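**Q** Dropping a structure here in C-alpha cells format, bear with me for questions.
The values are calculated or read from the model by the stated rules, or taken from the named source; none is laboratory data. Here the structure is a predicted model, which means the values were calculated and not measured. As a convention, Cβ positions derive from the backbone with ideal geometry for all residues, glycine included, and neighbour counts pool all protein chains shown. Ligands, DNA and RNA are stripped out before the accessible areas are found, and what is left, the full protein with its side chains, is counted by its heavy atoms. Shrake-Rupley method; radii C 1.70, N 1.55, O 1.52, S 1.80 Å.
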Amino acid sequence: MTASPTIRRMGLITLLAILALALFSALLGHRAPRGTSNRPVDDYPELFAEATACPRRSPGLENARRLEELARLRADRYAYDPRDGIRAVHRYQEAEACYRVAGEESEALRAGRASARLAARVNTDYAAARLNLVNALEQERWSVALSEIHRLLLLTDHYGRHEYVDWLKRIIGRVAARASTAS
C-alpha cells in the first residue's frame, strides 16, 4: 500500500524540520545543560506518526463533514491549548479518510491539505519548543525553560508514556524550584 500524497508531504515537512533542528544544534555546538545528564537529546516522539482512518462507527459524507468542522474548531483553539492542534490534525485526517470512503475526492484533498498545513505548523512549534528548552536550560533561564516544558507536555499529552515525556516530567520540579528562586 502506498502512502497518500498528504502523508508523504507531512513526512517530508517533518523530516525538514528535524534536519533544521539538527543543523541548528550542531551549529550551536550542542552541549548537555548542567544538571540534566541522561537527557534524551534526540529521542522525542513524532506527533503525527500514525495515519488516521475513518472511524468505523459511522463512515460517510455526513461524518466526514462533522469531523472536518470539529477539526476547524480545534484548529482555532490551538493558540490557547497545544493539545487542540494535535486533535485538529487527527480530526482532519479522519475527515479525509471518510471523504475517501464516501467517494468525495475533492473534499478529501481539501481536508488533507488543511491537515498538512496544520501539522506543519504544529511540528514547527514543537521543534521550536524543544530547541527553546535546550537553550533555556543551557543559559539557566529557568522561567523560560518551565514555560517550554509545559508547552511540550501539552503537545505530547496524547502519548502517555515515552522516554522524552518521562524526562520532561522528571525535570519539571527541579526547573520550577530554580525558576521560583531566580525571581
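**Q** Quick check: residue separation of R161 and R113 times 0.36 nm, minus the Cα distance between them. What number comes out in nm? Present the calculation step by step, with values, prior to reporting the outcome.
**A** Numbers: separation 48, 0.36 × 48 = 17.28 nm, distance 3.01 nm.
Fully extending the segment from R161 to R113 adds 14.3 nm.
**Q** I've got another one for you. Tabulate in residue order the Karplus-calculated ³J(HN,Hα) for region 150-158, using 6.51 cos²θ - 1.76 cosθ + 1.60 with θ = phi - 60°, rounded to whole Hz; enter x for Gly and Pro.
**A** 4, 4, 5, 5, 5, 5, 9, 4, 6
**Q** Also, I was wondering about something else. ³J(HN,Hα) across region 125-140 via Karplus (A = 6.51, B = -1.76, C = 1.60, θ = phi - 60°), whole Hz, x for Gly/Pro?
**A** 5, 5, 5, 5, 5, 5, 5, 4, 5, 4, 5, 5, 5, 5, 8, 6
**Q** Same structure again: Using the Cα centre of region 57-112 as origin and beta-carbon charges of +1 (Lys, Arg) and -1 (Asp, Glu), tell me which of L67, A97, Y80 is placed farthest towards the positive end of the dipole.
**A** Going by the Cα projections, it comes out as Y80.
**Q** From the Cα trace of region 50-183, what convex hull volume per residue do you get, rounded to a whole Å³? Could you put the intermediate results ahead of the total?
**A** Values: hull volume 13.5 nm³, N = 134.
Given the Cα convex hull of region 50-183, per-residue volume reads 101 Å³.
**Q** Order of 127-134, 46-53 by packing, highest average Cβ count within 10 Å first?
**A** Packing order, densest peptide first, comes out as 127-134, 46-53.
**Q** Can you work out the accessible area per residue across region 61-183, with the rest of the protein chains kept in place, probe 1.4 Å, in square angstrom?
**A** Working: 5930 Å² over 123 residues.
On a per-residue basis, region 61-183 sits at 48 Å².
**Q** Using only the alpha-carbon atoms, what does region 42-89 span along each of its principal axes? Please give whole angstrom values in decreasing order.
**A** 40, 24, 11
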